[in-house]
Amino acid sequence: FKVVTQSTSPYIDQKPGTSGLRKKVTVFQQPNYLHNFVQATFNALSIEKVKGSTIVISGDGRYFSKDAVQIIIKLSAANGVRRVWIGQDGLLSTPAVSAVIRNRVGSDGEKAFGAFILTASHNPGGPHEDFGIKYNSENGGPALEGLTNKMYDLTKTIKEYLIAEDLPNVDISSIGTTSFQGPEGAFEVEVFDATEDYVNLLKTIFDFKAIKNLLARPDFSFCYDALHGVAGVYAKKIFIDELSADESSLLNCVPKEDFGGGHPDPNLTYAKELVARMGLSKAAPVSEPPEFGAAADGDADRNMILGKRFFVTPSDSVAIIAANAIGSIPYFNSGLKGVARSMPTSAALDVVAKNLNLKFFEVPTGWKFFGNLMDAGLCSVCGEESFGTGSDHIREKDGIWAVLAWLSILAHRNKNVSTDSKLVTVEDVVRQHWATYGRHFYTRYDYENVDADAAKELMAHLVNVQSSLPEVNKLIKQVRPDVADVEKADEFEYKDPVDGSISSHQGIRYLFQDGSRLVFRLSGTGSEGATIRLYIEQYQSDSTKIGTEAQDALAPLVKVALSLSKMQEFTGRSSPTVIT
Ligand code: VG1
Ligand code: CO
């Protein structure tokens, strides 16, 4: 093939958000839009380092992925990449990409330098929906802000890109290697089994035999919903082939370019089929729901954990995994190095860390901040309220890992429980946890696709209100005299304990005397307008009160939050788009 230098002009809107660049497919289909971003990434990494390297390209298989893979292959070849690694059909879950970067070794003994992950995660897919691209670095984690800022700067001035225009499209549907000859030597495209590296890694972490025994119990039943995302590929391999679950326990496990028209977002609103099957839908009652249910998002890094007629909040989930890891999961048998959560995630994990005397970190939203802690050996388990849980086995959150962690906990708890006595259920594990550590009532309100200026004004208003705490407390007392006083209010700023870098404006916090919290932030993953997220949390250690319904327990704080922020006034919305 020949290398052609093409001239191009910059797009002004290529700033990566919380997790890469996410836009409507039609935006990505503009001339040179994807080319510019990929070339800017190569330039930011430095062409010297890109030359001769191995780069992974794959994603959740959403609409436009097939075209994008071929474009990135041609750009890679022209920029001197020596080899690209592609999961069969261009599919690799986000956690699998992380595992491939960290663990896969080529026939020449070389590992991957980085990866382009093609996904917009939980956002819908299809010709009129979202596409996304994200670069992950050598440690298997999302590019850090230093790099993404550099990429963004370069997209604003880009004038040309290099492309191997005459390189034929490569068949990515079958496993094997195709070699081409370029001006600087050979270029290889290697297509491999998407499950291989990831499943091998999981087998070193969990006791698959113990989980298999749990799934085989006559009093246990299981259900997994991939919402037509890439998780389906892994679910078949792991739950059916490895753990011998019944085919009927898998829902929506065929990956589709448009996720079957749904939102591939594992929560109580969008995972409708699973929610109904688990007996959590009032409209569609079922007589005997499974004991355990779980769902994933489009790229399989998120998870929702359900018990029979029971929802586990993601904030509780990470706390419970941390509290039970040792003993249940062989990978953690030598102990936990530390735990971490994102700022808006509830403090349930903090209580566990304190009780178990573990190092604890609170980082801004987005997985990239956990990576530095893990690389420095400071953190083993971490999580976010947004249905993300994971550990230092890779540098991304990991949806299937979370499911296997829960199954491991249940297997361990039921090890000596005979099938004629009562099974220890998901709900039992959670209620016992609350009884030991107290309960963090938690909810999140999302106002999606709000006018961007109105959202900014609301945030500015909240910062302004923070300047006088007596004023804040006066306002609050007018609405709900029964709510505790705010003792601190600020904009969250994070200083990375490893590299000292500072991330500011990471959300507005109101911290109450009784440990309650209100947090407001703007989403960095949307593709249209602005999304305001409001996080509401209240701690209850009184064991007689931990059984209250979450929406009831949180009602006073919700009222305070809406009035303090003048939500309706600024956004014109009387209710949120989604409650999780
Ligand atoms: C959201 C979540 C955040 C998560 C991010 C990426 O970001 O709040 O916790 O890390 O999505 O997850 P934001 O900026 O929209 O609040 V995923 O599965 O979309 O890669
Ligand atoms: Co995701």
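What follows is calculated from the coordinates using simple rules that are stated; it is not laboratory data. Predicted, not measured: the structure shown is a model, and the values here were computed from it. Here the Cβ is made from the backbone with ideal geometry for all residues, glycine too, and neighbour counts use every protein chain on show.
Each residue of segment 113-123 was assigned a 3J(HN,Hα) from its phi angle through the Karplus curve 6.51 cos²θ - 1.76 cosθ + 1.60 (θ = phi - 60°); the sequence is 8, x, 8, 9, 9, 9, 6, 10, 6, 8, 6 Hz, with glycine and proline shown as x. Of the beta bridges in the chain, as assigned by DSSP with both residues counted there, near 70 percent are antiparallel. With the convex hull drawn over the C-alpha atoms of segment 33-175, the volume per residue is 115 Å³. Dipole orientation for the chain: of the candidates VAL69, LEU469, SER7, LEU469 has the Cα lying most toward the positive pole (charges on Cβ; Lys, Arg +1; Asp, Glu -1).
A cut-off of 5 Å between modelled amide H atoms, ignoring neighbours fewer than 5 places along the same chain, links GLU129 with VAL25.
In this calculation the C-beta distance from ALA276 to GLU184 is compared with R0 = 41 Å, giving a FRET efficiency of 0.15. Return the FRET efficiency for the residue pair LYS156, LEU475: r is the Cβ-Cβ distance, R0 is 35 Å, and the value is rounded to the nearest 0.05. Plugging the Cβ-Cβ distance into 1/(1 + (r/R0)^6) gives 0.25.
Does segment 31-97 come out rounded, prolate or oblate, given a ≥ b ≥ c as the square roots of the eigenvalues of its C-alpha gyration tensor, rounded meaning a/c under 1.5 and, failing that, prolate meaning a/b above b/c? Since a/c reaches 1.5 but b/c is at least a/b, the shape of segment 31-97 is classed as oblate. When the chain is described by a simple charge dipole with +1 on each Lys and Arg Cβ and -1 on each Asp and Glu Cβ, the residue from LEU91, ILE579, PHE222 located farthest towards its positive end is ILE579. Taken along the Cα-to-beta-carbon direction at a fixed 7 Å, the label points for ALA216 and ASP108 span 4.6 nm.
Close Lys pairs in segment 439-579, defined as Cα atoms under 24 Å apart and 8 or more places apart or on different chains, number 13.
Distance distribution note for the chain: the fraction of Cα pairs above 46 angstrom is 13%. Helix 145-155 and the long axis of the chain differ in direction by around 50°, with both axes built from C-alpha atoms. Figure legend: label point modelled 7 angstrom from the Cα of ASP451 along Cα→Cβ; residues of segment 525-546 with amide N under 13 Å from it are 530. Using θ = phi - 60° in the Karplus curve 6.51 cos²θ - 1.76 cosθ + 1.60, the 3J(HN,Hα) couplings for segment 45-58 round to 6, 5, 4, 3, 6, 5, 4, x, 8, 10, 10, 8, 9, 5 Hz; x is entered for Gly and Pro. Once a ≥ b ≥ c are taken as the square roots of the eigenvalues of the Cα gyration tensor of segment 395-477, is the result rounded (a/c under 1.5), prolate (a/b larger than b/c) or oblate (a/b not larger than b/c)? Prolate shape, in that a/c is at least 1.5 and a/b is the bigger ratio. The overall shape of segment 198-437, judged from the alpha-carbon gyration tensor, is rounded, with an a/c ratio under 1.5. Extending 7 Å from the Cα toward the beta-carbon at both ASN416 and THR5 defines two label points whose distance is 7.4 nm. Taking a sphere under 13 Å around the Cβ of LYS203 and counting the other residues whose Cβ falls inside, with K and R at +1 and D and E at -1, yields a net charge of -2. Here r is the Cβ-Cβ distance between SER541 and ASP490 and R0 is 35 Å; the resulting FRET efficiency, rounded to 0.05, is 0.90. Exposed loop positions in the chain were taken to be GluC sites (Glu not before Pro) whose DSSP state is not H, G, I, E or B and which have at most 16 other beta-carbon atoms within 10 angstrom. Between these positions, the longest stretch is 185-492.
Only the Cβ atoms of Lys and Arg (+1) and of Asp and Glu (-1) were treated as charged; on that basis the dipole of the chain about its Cα centre amounts to roughly 680 debye. For segment 439-579, the C-alpha radius of gyration sits at 1.07 times the compact-globule guess of 2.2 N^0.38 Å, with N the residue count. Cross-link reach is defined here as a Cα-Cα straight distance under 19 Å, omitting same-chain residues fewer than 8 places apart; for LYS156 the lysines meeting it are LYS15, LYS23, LYS134.
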